[in-house]
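Some notes on the structure that comes next.
The values are calculated or read from the model by the stated rules, or taken from the named source; none is laboratory data. Just so you know, these numbers come straight off a predicted model, no measurement behind them. Cβ placement follows ideal geometry from the backbone for every residue including glycine, while neighbour counts extend to all protein chains displayed.
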Amino acid sequence: MDPPEPDTHPRPEHFLAMLDRQFGNLKTPDLANKILSYVGKAFESHLQEGTGAFLNATRCLSAVQELDEMAIADEVKNKIAAFMVYGLDPIEVFFGMLPAPKLHDECKNYSELAGWYRLPAWILAARSRLDRDPFRSSDPDAPIIVDIVVKSAEKMGTRGTPVEEQMELEGVADLEAGLARLALSHPQEEVGDTQKHKFLSYLRWVVQGRKTVDSPFASQSPGKDTTLCSGGYENLSTLSNGQVSGPCTNCGSQDAAHQCKLCLITLDGYASEKIVSATTYCNESCRNAHFEAHKGACREIRKLARSAVLFKEAFYRYIQIASGIMPFSAIKQEQGIIFKQCTGTSNTVPSLRHLADSQSQADAAMTSFTCGDIIAWARPILEFLIQPCCTSVGFVNFSVKNADIAVANDFQIGPSHHLRYNTLRLHLAARLTLPSGAQYAFDPSAAQFGWKDCLAPWAEYARCRIHHIENVTVLDPLDGTRVPAKDRVKPSDIIRRFDWAKEYVAEELVSILRARKGGLRALLKLSDGQFETARRDLADAMEDFVRDFAKSLK
């Protein structure tokens, strides 16, 4: 019998020995060993797969040598080397490493989210710097995505100090905003099953308001959805369709449609047919029978509702000045999103009404990104009008859902370009607890999401508009040693001058309210007609003050 023919095909160990010689001079500890390990595992899986990995490793020798010289983390180098050995597209790798849409949607912690983005961003940013990467992406959006990621990754790094942590969160904001803009540039009906398509489709849904009816995670039916606004799918701008009914507060009978007119909360500027919340009864007899038990809570709600109306008047005048630090030159609306464009030129009018197509569009643009002011520079107004109505004022930071519209700040000053969507940021609203124990949501900047009611029952507000709560803080008393802005020298630095101006305006608006004959107590006791007249007079006085003050800032 003739002896068997000798096997002339190289064995896996021969391939690995060849790679060991090629990559043996790398400076990065273990980088060569990692590459050999990746190829070895491929051979263990299948000879053909191992051969392909060997050829890929040989092709990317020059790129790995470039990688070896980079001043980046060893973990990033090892990951990039692995992806090249497996011949993976850089863009596919990036989206494959991002959190799945469902996981992203359930994330309640922005710091955790930053951790998920950090490594994929570093890997794509570093790989984009390789001149000899043999596996460049064929994705038509690759140049745009790489540009977004490179700029964002520069802000992601060591989280040793609060400043560094804030910078990393800004990097996350840059990344999500850039990808959201890319998602909006694709046709909504575009079909795809890649990780990129799934993530961009999800991000489009979030940035356009996270509407429950359009959720990518579960099909909804109007009859069963318990998270939709009671106004239905057609209109997410109000919590109620204006026809509030419920169990009788006196006898408990269902579908009682008679309301106590004194504590009725209606949409600002509308008569009683636009009801936000009401104390309901079967009829006048039930209301009269319950009057003694209800009158305390009735006064509380009435006082709060009127205080909220006055706060909104003052706050809208305040933000005319507050918006001056970010002078916007144009407003346009696309795909349910209002874009405020800033080119660095100053506004000549302390309002955005002259740039908008409608008052509601102007209100949305002006109130966007101002929610934090109610516990910062505008806090004197809150202390004067709202806190006296409550036993507790809590501030809730949360991600929104069911926004009717969204607003994007588009800053393009010189070579720098920053985009921020309000639906991708945390929103802040107050949770007010009255002496009776009733709780209300107070959201004076609600117009930025197209929501028309700034005061609503907390349970309904939370159910319909809060996606995830990040944190809750309780309002502490103001520091009594604080020096009023009018008694301080106006700063010369533009940023500090506007901070001073915002404090000054808030304090002076309180002075205008306080100077009303009889004070706030008398104002809240007026009849409906008298209160409306007083409100208009106060609004005019505040408008005059803000107009004159704006001129003094120029």
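One line per residue, one yes/no per condition, for (1) of a type in the set (A, V, I, L, M, F, W, C); (2) more than 16 Å from Ile381 (Cα to Cα):
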position: Ser511; (1), (2): no, no
position: Gly518; (1), (2): no, yes
position: Leu523; (1), (2): yes, no
position: Gly529; (1), (2): no, yes
position: Ala534; (1), (2): yes, yes
position: Asp537; (1), (2): no, yes
position: Asp548; (1), (2): no, yes
Item to check | Cross-chain or 6+ apart pairs with Cβ under 6 Å, the stretch 444-472 first and buried (at least 19 other Cβ atoms within 10 Å of the Cβ), then of a type in the set (Asp, Glu) | outcome: Ala447/Asp363; Gly450/Asp404; Cys454/Asp443
Checklist entry - Right, Leu509: closer than 13 Å to Ser307 by Cβ and either touching a residue at least 24 places away in the same chain (Cβ under 8 Å) or not small (Gly, Ala, Ser) (or both) or not? => result no
Checklist outcome for this item: The residue that is modelled with the lowest pLDDT, considering only those in the stretch 10-61 that are of a type in the set (Ser, Thr, Tyr) and in a helix (DSSP H, G or I), is Ser45
Checklist entry - under 23 Å from Ile405 (Cα atoms), among the acidic types (Asp, Glu) and either modelled with pLDDT of 90 or more or surrounded by fewer than 18 Cβ atoms within 10 Å (Cβ to Cβ) (or both), is that true of Asp255? => result no
Checklist outcome for this item: Checked Val546, Val472, Val505 against criteria (in contact with a Lys or Arg (Cβ under 8 Å, 6 or more places away or on another chain) and assigned to a strand (DSSP E or B)); the one match is Val472
Next on the checklist: Could you list, ordered by first residue, the pairs with Cβ atoms under 6 Å in which the first is in the stretch 349-365 and in the same structural domain as Asn422 (by TED's automatic domain parsing) and of a type in the set (Asp, Glu) and the second is modelled with pLDDT of 85 or more and part of a helix (DSSP H, G or I), at least 6 apart or interchain?
Outcome noted: Asp363/Ala447
Checklist entry - Of (1) closer than 16 Å to Pro99 by Cβ; (2) modelled with pLDDT under 90; (3) of a type in the set (Val, Ile, Thr), Val172 satisfies all except one. Which? => result (2)
